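**Student:** This structure is in structure tokens; I'll ask about it shortly.
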Amino acid sequence: MEKPFAIVIHGGAGTILKKDMTDEKEKAYKAKLNEALQAGYAVLESGGSSTDAVIEAIKVMEDSPLFNAGKGSVFTNAATNEMDASIMEGKDLNAGAVCSVTSVKNPITAARLVMEKSPHVMLCGNGADEFARENKLDMESKEYFFNPERYQQLQKIIKSEKIQLDHDHIEDDEGYLIDPEKLKDSKYGTVGAVALDKHGNITAGTSTGGMTNKKYGRVGDSPIIGSGTYANNKTCGISCTGHGEYFIRKVVAYDVAAMMEYQHLTLEEAANLMVKEKLVEFGGSGGLIGLDKDANIVMPFNTKGMYRGYKKSSGETEVKIYND
Ligand code: ASP
């Protein structure tokens, strides 16, 4: 019997409220999530690697202004775009990451480049952009990343000392926000994908523009191996989204894998314990996607919603936004 294969993706977690979503927007998000899933799944179906599948799925979301990654990245306090991305292969724990890049069109491809073509795991800032340029990745100008809606988001928040998780707009009992008045329009998010291929290999990747109004070179969890991204064929692959400062200190992605390895929890038990208990107690808003070697999938979050979806070789597929 052919081994199961599958892909799961997210487009960020946050306070995504039905009342603020038009039918048209919801359709656009779901269509893009489906397109990303399909791009990744097609790679897996044709016998391609989980790494290629993750790259293809994430590129679709990075190229869309709907998500806070690549083209849709949020603005820093200095009105620049600084993007972070990471990727990890569960076969041999190979990994690559970039942070604070400003010109790479698809930061996830730069993370892969670091993994495959450098002796390092993480490159930062100008050096990372230069490495990508030297290796002929597609580069873009500032104008490409300029998004008027995002710019407005920054203008609304810039006078405050707050930073804003992109897809949140108002938090009540469960969140880490900030100023409801200023956060009206933000419903976008970091993107991630985890895939299991026909050869039993798991890859996880995450890409983000970070948080609106971030300053001083702030970097979140997304490019940190073990926090925002982790993969190990023995256990699972994980990609996170949420308030990075909390995810870094909880080493979220690795901790889920560790609970499976050392405590023999299932993926579902470990992921739920992390997102619904440990992170909540710690004050960390967000969610994650995970996939294990048997193609079990989890997509827990402790916010109002998370853009998410999966497609399995068994035929099961789903794309969702809210907590339903
Ligand atoms: N985790 C990201 C960060 O803190 C933000 C997000 O998931 O939207 O940079």
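Computed from the coordinates by the stated procedures, all read-outs in this text should not be read as laboratory data. These figures come from a predicted structure and were not determined experimentally. Here the Cβ positions follow ideal geometry from the backbone for every residue, glycine too, while neighbour counts run over all protein chains shown.
**Student:** Karplus couplings for the stretch 270-285 from phi (6.51 cos²θ - 1.76 cosθ + 1.60, θ = phi - 60°), rounded to Hz, Gly and Pro as x?
**Tutor:** Going residue by residue, I get 5, 5, 5, 4, 5, 7, 8, 10, 4, 5, 5, 4, 7, x, x, 8 Hz, with x marking Gly and Pro.
**Student:** Show me, for the stretch 211-223, the HN-Hα J-couplings you get by feeding each phi into the Karplus relation (A = 6.51, B = -1.76, C = 1.60, θ = phi - 60°), rounded to Hz, glycine and proline as x.
**Tutor:** With coefficients 6.51, -1.76 and 1.60, one gets 10, 4, 6, 5, 10, 6, x, 3, 10, x, 7, 4, x Hz.
**Student:** Something else: Which whole-number percentage describes the relative contact order of the chain, with Cα contacts under 8 Å and a sequence gap of 6 or more?
**Tutor:** Rounded, it is 25 percent for the chain.
**Student:** Distance check, please: which entries in LYS71/LYS156; LYS105/LYS320; LYS25/LYS105 exceed 22 angstrom between their Cα atoms?
**Tutor:** Beyond 22 Å: LYS105/LYS320; LYS25/LYS105.
**Student:** Between GLU245 and LYS215, take the C-beta separation as r, use R0 = 22 Å, and let me know the FRET efficiency to the nearest 0.05.
**Tutor:** 0.95
**Student:** Can you tell me the Rg and the Dmax, both Å, for the Cα atoms in the chain?
**Tutor:** Expressed in Å, the Cα Rg and Dmax of the chain come to 17.6, 60.
**Student:** Springs between alpha-carbon atoms under 10 Å, Gaussian network over the chain: tell me which of SER141, SER49, SER222 tops the mean-square fluctuations.
**Tutor:** Answer for the Gaussian network model of the chain: SER141.
**Student:** Shifting gears a bit: Any idea what the relative contact order of the stretch 13-74 is, in percent, if you count C-alpha pairs under 8 Å spaced at least 6 apart?
**Tutor:** Value for the stretch 13-74: 23 percent.
**Student:** Determine the percent antiparallel among the DSSP beta bridges restricted to the chain, to the nearest 5.
**Tutor:** 95 percent
**Student:** Among DSSP bridges having both ends in the stretch 183-324, what percentage is antiparallel? Round to the nearest 5.
**Tutor:** Within the stretch 183-324, antiparallel bridges account for around 95 percent of the total.
**Student:** Moving on. Going by amide H atoms built from the backbone, whose H comes under 5 Å of the H on ASN232, apart from near neighbours?
**Tutor:** Close amide H contacts, sequence-distant or interchain: GLY237.
**Student:** Taking square-rooted eigenvalues a ≥ b ≥ c of the alpha carbon gyration tensor, is the stretch 201-285 rounded, prolate or oblate, where a/c under 1.5 means rounded and, failing that, a/b exceeding b/c means prolate?
**Tutor:** Since a/c reaches 1.5 but b/c is at least a/b, the shape of the stretch 201-285 is classed as oblate.
**Student:** For an R0 of 30 angstrom, estimate the FRET efficiency from the Cβ-Cβ distance between SER46 and GLU318 and round to the nearest 0.05.
**Tutor:** So, using R0 = 30 Å, E works out to roughly 0.85.
**Student:** GLU26 versus VAL121, label points 7 Å from Cα toward the beta carbon: distance in nm?
**Tutor:** Rounded to a tenth, the inter-label distance reads 4.2 nm.
**Student:** Evaluate 2.2 N^0.38 Å with N set to the residue count of the stretch 1-110, then give the Cα radius of gyration divided by it.
**Tutor:** Computed over Cα atoms of the stretch 1-110, the ratio equals 1.19.
**Student:** Now for a different question. Describe numerically, in nm with one decimal, the distance between label points set 7 Å from Cα along Cα→Cβ at ASP294 and at GLU143.
**Tutor:** In this crude label model, ASP294 to GLU143 measures out at 5.4 nm.
**Student:** From Cα pairs below 8 angstrom and at least 6 apart in sequence, can you work out the relative contact order of the stretch 188-324, rounded to a whole percent?
**Tutor:** Answer for the stretch 188-324 is 20 percent.
**Student:** Taking the Cβ of each residue in SER46, SER103, SER313, SER239 as the centre, tally the other Cβ atoms inside 10 Å and list the residues starting with the fewest.
**Tutor:** SER46, SER313, SER103, SER239
**Student:** Given axes a ≥ b ≥ c from the Cα gyration tensor, I'd like to know whether the stretch 235-324 is rounded (a/c under 1.5), prolate (a/b larger than b/c) or oblate.
**Tutor:** The shape class here is oblate.
**Student:** For ARG218, ARG249, ARG112, what ranking results if the residue with the fewest other Cβ atoms within 10 Å of its Cβ goes first?
**Tutor:** ARG249, ARG218, ARG112
**Student:** Quick one: what are the phi-derived ³J(HN,Hα) couplings along the stretch 230-237, Karplus 6.51/-1.76/1.60 with θ = phi - 60°, whole Hz, x for glycine and proline?
**Tutor:** Values, residue by residue: 7, 8, 8, 4, 5, 10, 6, x Hz.
**Student:** Percent antiparallel among DSSP beta bridges with both residues in the stretch 9-130, to the nearest 5?
**Tutor:** 65 percent
**Student:** Modelling each spin label as a point 7 Å along the Cα-to-Cβ direction, I'd like the LYS18/GLU35 distance in nm, to one decimal.
**Tutor:** With each label point 7 Å from Cα toward Cβ, the separation is 2.7 nm.
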